[in-house]
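Inspection log for the structure reproduced underneath, given as structure tokens.
Where a number appears in this text, it was derived from the coordinates with a stated rule and is not lab data. Source: prediction; values computed, not measured. Positions of Cβ are backbone-derived with ideal geometry, glycine not excepted, and every protein chain shown enters the neighbour counts.
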Amino acid sequence: MSRPCEVQKCERLSRALCDCCGKHLCLQHLHEHNELLIAQLNPFIDVLNSLGEQLRMFNFHEKVRDCYWRLEQWRVECHQTIDRFFEQKQQELGRTVMTKIEKQREKITDMQTKLSKLIRDQDVTQRDLNFLSSAVNRLQKDMNRIEQVEFSIQSVPLLIDETLIQIQETNPELFDPSIFSTIAATVSYPKGSWYSLTSNDRFLLIHQAPNLCLLDVTLSKVKESLWPHGKLYDMCWSSSLDRFMVLTNDSIYLVDHNLSSMSLAQILPEYKWFSCTCSNEFLYLTVEKWGSSIMQIQLLPPMTVVKEWKPPESCTADDFIESIAYGDGSLALAIRNRAHKSIRVDLCSAKTFDRLWSFVLQTDYERTNAIRCCLLGSDEWMIPNLHDNHLLHLSADGKLVQRIAYQSTPYRINPFGSIIAIATAASINLHTEDSNRAQEVPQD
């Protein structure tokens with residue numbers, strides 16, 4: 001026997017059981033129910049059309065523009081490295097040939113001098129003739145050997161390590177502070193070490209008294225070189241020069257990327273320096289004094305001062321610039337003010353020096369250690385707060401995004417590939433997203 005339609009006040013008999021709602025419905029209400037379900041598809045159509053249009057308008061080239069630029073910079077730097085190596089070997093080959101030629105020339109000149117003396121003195125013995133004959137015969141044999149000598153070049157193909165460039169997707173959402181919960185490795189500080197650290201794409205440069213040391217991405221010590229120049233104030237990397245810039249109070253040293261050479265840059269020796277940073281074109285130096293000034297120095301030789309920002313443009317007379325860091329066309333300045341006993345971070349345009357924003361730290365003014373800013377990603381910043389052992393994550397517009405607790409006082413921060421290195425009083429702690437357990441890096 002047929003059931004009545006379960007729609008209220010409907011007197012028709014049901015004709016089917018609806019699978020969606022589980023009710024017995026007549027044909028009319030079954031049709032209406034079906035139309036209601038179909039109508040619910042329309043919002044999905046609108047959303048999908050909107051997503052399709054959004055994808056069509058997506059600017060792929062803008063998204064990867066910076067990455068393309070970095071790849072191009074890497075290519076240029078690699079070509080420069082190959083060119084330097086080629087020129088070195090070309091000069092080595094030339095020196096090898098010229099050494100043989102110069103030695104032969106010296107012997108010939110010497111014999112010509114002796115022969116001229118004999119002619120001038122008009123006093124020749126048979127012994128002199130025998131000596132000349134023997135010597136000239138040796139010179140002829142030497143000349144034949146020089147003309148017959150051949151050089152060969154033994155080379156091996158340049159093998160490219162695929163891990164030299166790693167393409168990683170970065171999450172533009174909130175920085176995950178859990179990266180600091182585990183220490184991947186610890187590099188200890190011997191007594192007398194300075195906290196400064198910096199990196200290029202391959203190596204992390206640190207100071208382990210009495211040496212400068214390079215660590216690679218596996219956290220192994222690659223090389224070390226004696227640092228004999230006293231207190232190390234700051235350091236940065238110049239991709240244009242392919243050199244580390246190492247700063248003392250009165251000097252700037254250019255250190256080769258593999259620590260094979262160290263040279264003094266002759267830049268304003270009368271100034272006292274405190275911090276440094278590099279863009280692709282310029283080196284920026286802060287002067288150690290209240291009412292600090294900032295020097296903009298052209299990197300390409302000759303290294304000359306392009307501009308000097310002085311108070312009140314750089315800061316006020318009661319301000320001391322503790323650190324400077326370059327990032328994406330801007331300069332981040334950590335500034336201590338003695339009048340208000342405060343510490344703030346100002347972000348300025350590297351071209352016009354206009355203030356973009358200012359952030360005041362809630363910290364202990366009496367702490368003597370300088371605050372050092374660190375570029376996080378492409379346009380955000382991280383600042384160590386020495387007062388309460390926190391890391392402050394600031395947005396591109398200078399707003400506090402989050403405060404991240406750290407297990408000890410963080411003095412310096414340096415991103416290094418997928419690693420973040422933090423200098424503390426006793427060690428450099430290295431953090432990665434893949435950190436599973438702490439381990440001690442063996443010290444040579």
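Over the Cα atoms of region 179-431, what Rg and Dmax result, in angstrom?
Cα radius of gyration and Dmax of region 179-431 are 17.0, 46 Å respectively.
Provide the packing ranking of 186-193, 386-393, 66-73, i.e. peptides ordered by the mean count of other C-beta atoms within 10 Å per residue, highest first. Intermediate values should be presented prior to the final figure.
Numbers: 186-193: 14.8, 386-393: 17.8, 66-73: 11.8.
Those peptides, ordered most packed to least, come out 386-393, 186-193, 66-73.
With a/c under 1.5 counting as rounded, go ahead and sort region 41-194 into rounded, prolate or oblate using the C-alpha gyration tensor (a ≥ b ≥ c being the square roots of the eigenvalues; past the cut-off, prolate if a/b is larger than b/c, else oblate). Could you put the intermediate results ahead of the total?
Values: a/c = 5.72, a/b = 3.15, b/c = 1.82.
Verdict is prolate for region 41-194.
Would you calculate, for the chain, the mean residue ellipticity at 222 nm contributed by helices, counting each DSSP H stretch of 4 or more residues as -39,500 (n - 2.57) and dividing by all residues, to the nearest 500?
-9000 deg cm²/dmol
Peptides 47-57, 421-431: what's the order by average Cβ count within 10 Å, highest mean first?
421-431, 47-57
State the volume of the convex hull built on the alpha-carbon positions of region 193-322, expressed per residue in Å³ and rounded to an integer.
Cα convex hull per residue, to the nearest whole number: 103 Å³.
For region 1-114, rounded, prolate or oblate, judged on the Cα gyration tensor with a ≥ b ≥ c (square roots of eigenvalues), a/c < 1.5 rounded, else prolate if a/b > b/c? Walk me through the numbers before you get to the answer.
Details: a/c = 15.14, a/b = 6.81, b/c = 2.22.
Verdict is prolate for region 1-114.
Hey, if you put +1 on the Cβ of every Lys and Arg and -1 on every Asp and Glu Cβ in the chain, which of Ile45, Cys276, Thr363 ends up farthest toward the positive end of that dipole?
Final value for the positive-end residue is Cys276.
Treat the count of other C-beta atoms within 10 Å as a stand-in for reagent exposure and order Thr248, Thr125, Thr286 from fewest to most.
Thr125, Thr248, Thr286
Just to check I understand the Karplus step: with θ = phi - 60° and J = 6.51 cos²θ - 1.76 cosθ + 1.60, what whole-Hz values come out for region 297-307, glycine and proline as x?
Each residue's phi maps through the Karplus curve to give 10, 5, 6, 5, x, x, 6, 10, 6, 8, 7 Hz.
Rg/Rh for region 83-147 to two decimals, with Rh computed the Kirkwood way over all alpha-carbon pairs.
1.23
Using a 10 angstrom cutoff on alpha carbons, build the Gaussian network for the chain and name the most mobile of Ile165, Ile206, Ile404.
Evaluated over the chain, the most mobile residue of the options is Ile165.
Return the Rg/Rh value of the chain, two decimal places, where both radii are evaluated on C-alpha atoms and Rh is the Kirkwood radius.
1.28
Per 0.36 nm of contour for each residue apart, how much would the distance between Glu224 and Asn42 grow if the chain were fully extended, relative to their Cα-Cα spacing?
58.8 nm
Going through the cross-link list Lys231/Lys341; Lys107/Lys141; Lys231/Lys289; Lys272/Lys310; Lys289/Lys310; Lys351/Lys399, which pairs have a Cα-Cα distance over 20 Å in this structure?
From the list (Lys231/Lys341; Lys107/Lys141; Lys231/Lys289; Lys272/Lys310; Lys289/Lys310; Lys351/Lys399), the Cα-Cα distance tops 20 Å for Lys231/Lys341; Lys351/Lys399.
For Glu313, what is the net charge nearby, where nearby means another residue's Cβ is under 14 Å from its Cβ and Lys, Arg count +1, Asp, Glu -1?
Spelling it out: positives minus negatives among the neighbours equals 0.
Report, by chain and number, residues whose modeled amide H sits under 5 Å from the one on Ser323, excluding near sequence neighbours (fewer than 5 apart, same chain).
Ala334
For Thr125 and Glu313 in the same chain, what is the full-extension length gain: residue separation times 0.36 nm, less their Cα-Cα distance, in nm? Could you put the intermediate results ahead of the total?
On the way: separation 188, 0.36 × 188 = 67.68 nm, distance 8.70 nm.
Contour length minus the Cα-Cα distance gives 59.0 nm.
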